[in-house]
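A short worksheet on the structure shown next.
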Amino acid sequence: AMTEMGATFTVNPSSSFIYVISGLHAAHVLGGIAALTVALTHAYVLPYKPTLRRKQRFELVVHYWHFVGILWVYLMVFFMVQS
């Protein structure tokens, strides 16, 4: 769809930037899903035992997803203002 609009890697740096940002976002989402899977596995599969390490892991995953969510909203607003 973006190539039909003329946004390719060879046209100009601005169109390449869109692909780089999209790729970085996808990498962060996949990393977050992996961290969330580990945290949920430790929360529900292993015997219930609240430890400091499990609490810290959960807090890190929560902070990570909030950061990714806020960053995505910021980028969407940024791109909408630029167009």
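Things to note:
- Calculated FRET value between Phe58 and His25, using beta carbons and R₀ = 22 Å, to 0.05: 0.40
- Solvent-accessible area per residue for the chain (1.4 angstrom probe, square angstrom): 81
- In the chain, the portion of solvent-accessible area held by carbon and sulfur atoms comes to 74 percent [1.4 Å probe, whole percent, DNA, RNA and ligands not counted].
- The chain, helix-only ellipticity at 222 nm - DSSP H runs n ≥ 4, -39,500 (n - 2.57), divided by all residues, nearest 500: -27500 deg cm²/dmol
- Efficiency of FRET from Cβ geometry, Leu71 and Asn12, R₀ 25 Å, rounded to 0.05: 0.55
The values are calculated or read from the model by the stated rules, or taken from the named source; none is laboratory data. Fair warning: this is a prediction, and the values are worked out from it, not measured in the lab. Note that we place each Cβ from the backbone using ideal geometry, even for glycine, and neighbour counts take in every protein chain shown. Heavy atoms of the whole protein, side chains included, go into the accessibility calculation; ligands, DNA and RNA do not. Shrake-Rupley method; radii C 1.70, N 1.55, O 1.52, S 1.80 Å.
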